[in-house]
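Peer 1: This structure is in structure tokens; I'll ask about it shortly.
The values are calculated or read from the model by the stated rules, or taken from the named source; none is laboratory data. Note that the structure is predicted; figures quoted are calculated from it, not measured. Heads up, the Cβs are rebuilt from the backbone with ideal geometry, glycines too, and the neighbour counts pull from every protein chain shown.
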Amino acid sequence: MTAVSAEPAPSMPAPVDAIADVLATATAVTICCHTRPDADTIGSGLALGMALRRRGVAVQVSFPSPAQLPEPLSGLPGVDLLVAPEDVVGSDVVVTVDCASVERIGLLAEHFDAASTQIVIDHHVSNAGYGTVNLVDGESSCTAELILMVLDAMEIPLDTDLATCLYAGLVTDTGSFKWSGPQSHRTAARLLEAGVDGREWTRRLLDTHQFLWLTMVSKVLATAVLVPEAFDGAGLVYAVVDQVTAAGMSWEQAESVVDIVRTTAEAEVAAVFKETSPNRWAVSMRSKTQVDLIPVARAAGGGGHRHAAGFTSEGTVDEVVAAFVAAAV
Ligand code: MN
């Protein structure tokens, strides 16, 4: 696997080495994870943060919102590195992890913009490379794999804590290795050999729901609609999670509904409309093989990966759904 920069400068070392060089001499580093953090952004941020802290670097790791980390992530090693965004002091070197655009770090962008070295480590194809050093590899299954490349370049040995954080990103972003290639399995082998309890972390991160989730899912699935003519006949299935239905649910639990909806045999594309505040919607999309969701998401002001993307929208549920379906047919 090779790392690619969005704008490779011929005389510069490859981004992995350039990042390793910067981090090897830094005395303070701020690491920014994305809003509504998932296991890849937090696992990547904490692994890098723990590795740097051990070398005596002053490290702060933060994410812009919400205030609370999703419950399963709060048990990861290194969470004591996390600070609230308003408590971030900033530093000459600022790193974003798993953030396709600077908007993903919200108010932390103030610190990113002020940094003399802006490091971007990410695997989203839509990432244009908004830092001064960009390790952006759309072929990588997760940002955690790219962090491991940086740790290797810095000759930082893996231990159970670092490996656990990286494994959290790897196992979730590959859907428990459902859509991963040989490199991801090689990475998994290294991480498991370093002592990760794979069974325990897979269960915590992917196979655990509140009882309330069962009730929520049954209501949401009852709203599912199949649009066979959408996407040139490839088919669309969508469902709606409004605020009433999602009441009492953590957002990441509500988010996981798309993983059930997308199993529909008759639809190439699945979408879940989730109401984040009254008449504001976060739309998660998944495709199976032929439909590239990146242009679909971008046309609506969002972004993501070829087979997993999203955007936000405003309006009544009928308006937002109708606009999306009209664009898809
Ligand atoms: Mn990721």
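Per-residue answers, yes or no, for (1) small (Gly, Ala, Ser); (2) within 17 Å of the chain's Cα centre (by Cα):
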position	(1), (2)
224	yes, no
235	yes, no
260	no, no
269	no, no
283	no, yes
290	no, no
293	no, yes
322	yes, no
326	yes, no
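Peer 1: Can you tell me how many residues in the stretch 294-329 are polar (S, T, N, Q) and surrounded by 13 or more Cβ atoms within 10 Å (Cβ to Cβ)?
Peer 2: Count: 2.
Peer 1: Residues that are polar (S, T, N, Q): list the strands (runs of 3 or more DSSP E) wholly contained in the stretch 225-329 that include at least 1 such residues.
Peer 2: Answer list for the stretch 225-329: 269-277, 280-287, 308-314.
Condition check ((1) part of a loop (DSSP other than H, G, I, E, B); (2) surrounded by 14 or more Cβ atoms within 10 Å (Cβ to Cβ); (3) more than 17 Å from the chain's Cα centre (by Cα)) across all residues:
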| residue | (1), (2), (3) |
| --- | --- |
| 169 | no, yes, no |
| 177 | yes, yes, no |
| 184 | no, yes, no |
| 189 | no, no, yes |
| 203 | no, no, yes |
| 213 | no, yes, yes |
| 219 | no, yes, yes |
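Peer 1: Looking only at the stretch 94-128, how many residues end up being part of a loop (DSSP other than H, G, I, E, B), crowded, with 19+ Cβ neighbours inside 10 Å and in contact with a His (Cβ under 7 Å, 6 or more places away or on another chain)?
Peer 2: Number satisfying all stated conditions: 4.
Peer 1: Could you please let me know if residue 91 is hydroxyl-bearing (Ser, Thr, Tyr) and either part of a helix (DSSP H, G or I) or over 23 Å from residue 310 (Cα atoms) (or both)?
Peer 2: yes
Peer 1: Of the residues 121, 105, which single one is within 26 Å of residue 249 (Cβ to Cβ) and within 16 Å of the ligand (Cβ to nearest atom)?
Peer 2: Result: 105 is the single residue among 121, 105 that is within 26 Å of residue 249 (Cβ to Cβ) and within 16 Å of the ligand (Cβ to nearest atom).
Peer 1: Being of a type in the set (Ser, Thr, Tyr) and within 19 Å of residue 46 (Cβ to Cβ) is the filter here; which residues of the stretch 112-154 pass it?
Peer 2: Within the stretch 112-154, 140, 141, 143 meet the criteria.
Peer 1: Restricting to the stretch 35-50, give me the number of residues that are within 11 Å of the ligand (Cβ to nearest atom) and assigned to a helix (DSSP H, G or I).
Peer 2: 6
Peer 1: Where the second residue is within 11 Å of the ligand (Cβ to nearest atom) and in a helix (DSSP H, G or I) and the first is charged (D, E, K, R) and lies in the stretch 98-110, which pairs have Cβ atoms under 7 Å and are six or more apart or on separate chains?
Peer 2: Once the first residue is charged (D, E, K, R) and sits in the stretch 98-110, its partners that are within 11 Å of the ligand (Cβ to nearest atom) and in a helix (DSSP H, G or I) give 98/40; 98/41; 98/44; 98/143.
Peer 1: Residues being within 16 Å of the ligand (Cβ to nearest atom) and either modelled with pLDDT under 95 or not in a loop (DSSP other than H, G, I, E, B) (or both): count how many of those fall in the stretch 2-34.
Peer 2: Of the residues in the stretch 2-34, 3 are within 16 Å of the ligand (Cβ to nearest atom) and either modelled with pLDDT under 95 or not in a loop (DSSP other than H, G, I, E, B) (or both).
Peer 1: Continuing with the same structure: Identify, from the list 267, 247, 189, the residue that is more than 24 Å from residue 66 (Cα to Cα), among the hydrophobic types (A, V, I, L, M, F, W, C) and without any contact (Cβ under 8 Å) to a residue 40 or more places away in the chain.
Peer 2: 189
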